[in-house]
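Visitor: Below are the structure tokens for one structure; questions will follow.
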Amino acid sequence: MIQAFGKYMVMLYSIFLKPEKFSIYWKRFVDEIIQLGLKSLFIVILMSGFMGAVLVIQTASVIESAWIPDYTVGFTVKQSMLLEFCPTIISLILAGKVGSNIASELGTMRVTEQIDALEVMGVNSVGYLIGPKIIASLFIFPIVIMYSMFFGFLGGGLVCFFTEIIPVEQYVEGIRSFSEENFGYVRYALIKTSVFAFLITSISSYFGYFLKGGALEVGKASTKAVVYSSVFILIANYILTQLILI
């Protein structure tokens, strides 16, 4: 474990050694934004919409009392989506989709000796391959999570509109209630998302870059990348919640 952590830290340090031309990094950065973020939008929007819809139904079915106003449903959905569901659950989903993709991509390059070829040509392979992934994820993941928040609220609103489980006006009022706290919640969610983005891309890159073996090991590396990324996301989630909210 100590040896693995040391290799991981050396990998992160190597990103800043022997930088290539800015134009090369910029092209890689744009490509990674498309690969890691934009191609994940559909699944994020789909899951966020259904999460918001299910939260509205579950909350409304539990809160059946004349003493509790209807806008409580919207307030509960807002709290759940902003504090936990969007930043954490969606990041776990991205760990499965993006993390496995990164590990398999780098693992395949290692098996086919493409990384060795870059090293022979004098290219800083870590900086060229991994650096743009980490920077792109730090840039695009918070944007993806903001889309998740919007479509989560939209999914809940559509349920209210079509089923009339509660009036839409009451749902919107619940989301807008205690508006002075909303900015703090969004900031908390985006801070967590940035940390999760770094963990997903760096851990997945580690397992793919340092892969040893053949094609069979690529699948194992992808599995390890998803598992370890998910575990460290949960640990970081607890630590950040303790530091920021308490």
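Visitor: Just give me the residues in segment 188-231 being within 12 Å of the chain's Cα centre (by Cα) and among the small types (Gly, Ala, Ser), in sequence order.
Guide: Once the filter is applied, which keeps residues that are within 12 Å of the chain's Cα centre (by Cα) and among the small types (Gly, Ala, Ser), segment 188-231 yields 189, 194, 197, 229, 230.
Visitor: Still on this structure: Residue 213 versus (1) in contact with a helix residue (DSSP H, G or I) (Cβ under 6 Å, 6 or more places away or on another chain); (2) among the small types (Gly, Ala, Ser); (3) under 20 Å from residue 114 (Cβ atoms): which is the lone unmet condition?
Guide: Against the list (1) in contact with a helix residue (DSSP H, G or I) (Cβ under 6 Å, 6 or more places away or on another chain); (2) among the small types (Gly, Ala, Ser); (3) under 20 Å from residue 114 (Cβ atoms), residue 213 comes up short only on (1).
Visitor: Across segment 1-25, which residue is modelled with the highest pLDDT among those that are in a helix (DSSP H, G or I) and β-branched (Val, Ile, Thr)? Before you say what the answer is, go through the steps one by one.
Guide: Filtering segment 1-25 for residues in a helix (DSSP H, G or I) gives 2-14, 22-25.
Subset that is β-branched (Val, Ile, Thr): 2, 10, 24.
Values: 2: 86, 10: 90, 24: 81.
Applying the filter and picking the extreme gives 10.
Visitor: Filter segment 194-208 down to the residues that are within 11 Å of residue 228 (Cβ to Cβ) and hydrophobic (A, V, I, L, M, F, W, C) and list them by number. Break it down stepwise before answering.
Guide: Initial filter on segment 194-208 (within 11 Å of residue 228 (Cβ to Cβ)): 199-200, 202-204, 206-207.
Of everything in segment 194-208, those that are within 11 Å of residue 228 (Cβ to Cβ) and hydrophobic (A, V, I, L, M, F, W, C) turn out to be 199, 200, 203, 207.
Visitor: Please pick out the residue among 142, 132 that is closer than 30 Å to residue 16 by Cα, surrounded by fewer than 23 Cβ atoms within 10 Å (Cβ to Cβ), modelled with pLDDT of 90 or more and not small (Gly, Ala, Ser). Don't jump to the end; show me each part of the working.
Guide: Working: 132 fails: surrounded by fewer than 23 Cβ atoms within 10 Å (Cβ to Cβ).
Only one candidate passes the filter, namely 142.
Visitor: Given the conditions (1) over 30 Å from residue 9 (Cβ atoms); (2) crowded, with 23+ Cβ neighbours inside 10 Å, which single one is not true for residue 161?
Guide: Condition not satisfied by residue 161: (2).
Visitor: Here's a follow-up. If we only count helices (runs of 4 or more DSSP H) wholly inside segment 92-158, which ones have 3 or more residues that are touching a residue at least 24 places away in the same chain (Cβ under 8 Å) and over 14 Å from residue 202 (Cβ atoms)? It would help to see each step written out before you state the result.
Guide: Values: elements: 100-111, 114-120, 125-129.
Passing ranges, in order: 100-111.
Visitor: Does any residue of segment 68-77 turn out to be in contact with a Leu (Cβ under 6 Å, 6 or more places away or on another chain) and either buried (at least 18 other Cβ atoms within 10 Å of the Cβ) or in a helix (DSSP H, G or I) (or both)?
Guide: Step one: list which residues in segment 68-77 are in contact with a Leu (Cβ under 6 Å, 6 or more places away or on another chain), which gives 77.
If we keep only those that are either buried (at least 18 other Cβ atoms within 10 Å of the Cβ) or in a helix (DSSP H, G or I) (or both) too, we end up with 77.
Looking through segment 68-77, at least one residue is in contact with a Leu (Cβ under 6 Å, 6 or more places away or on another chain) and either buried (at least 18 other Cβ atoms within 10 Å of the Cβ) or in a helix (DSSP H, G or I) (or both).
Visitor: Taking the stated definitions as given, is residue 89 in a helix (DSSP H, G or I), among the β-branched types (Val, Ile, Thr), within 20 Å of the chain's Cα centre (by Cα) and surrounded by 19 or more Cβ atoms within 10 Å (Cβ to Cβ)? Give the derivation first.
Guide: Details: in a helix (DSSP H, G or I): yes; among the β-branched types (Val, Ile, Thr): yes; within 20 Å of the chain's Cα centre (by Cα): yes; surrounded by 19 or more Cβ atoms within 10 Å (Cβ to Cβ): no.
Against the criterion (in a helix (DSSP H, G or I), among the β-branched types (Val, Ile, Thr), within 20 Å of the chain's Cα centre (by Cα) and surrounded by 19 or more Cβ atoms within 10 Å (Cβ to Cβ)), residue 89 does not qualify.
Visitor: Now for a separate question. Regarding residue 109, is this residue surrounded by fewer than 23 Cβ atoms within 10 Å (Cβ to Cβ), closer than 22 Å to residue 25 by Cβ and either among the small types (Gly, Ala, Ser) or touching a helix residue (DSSP H, G or I) at 6+ places or on another chain (Cβ under 6 Å) (or both)? Working first, answer last.
Guide: On the way: surrounded by fewer than 23 Cβ atoms within 10 Å (Cβ to Cβ): yes; closer than 22 Å to residue 25 by Cβ: yes; either among the small types (Gly, Ala, Ser) or touching a helix residue (DSSP H, G or I) at 6+ places or on another chain (Cβ under 6 Å) (or both): yes.
When the stated conditions are applied, residue 109 passes them.
Visitor: If you don't mind, there's one more thing I want to ask. For residue 182, all conditions in the list (1) surrounded by 19 or more Cβ atoms within 10 Å (Cβ to Cβ); (2) part of a helix (DSSP H, G or I) hold save one; what is the number of the exception?
Guide: Of the numbered conditions (1) surrounded by 19 or more Cβ atoms within 10 Å (Cβ to Cβ); (2) part of a helix (DSSP H, G or I), the odd one out for residue 182 is (1).
The values are calculated or read from the model by the stated rules, or taken from the named source; none is laboratory data. The model shown is predicted, which means the values in this text are computed figures rather than measured ones. Backbone-built Cβ (ideal geometry, glycine too); neighbour counts: all protein chains shown.
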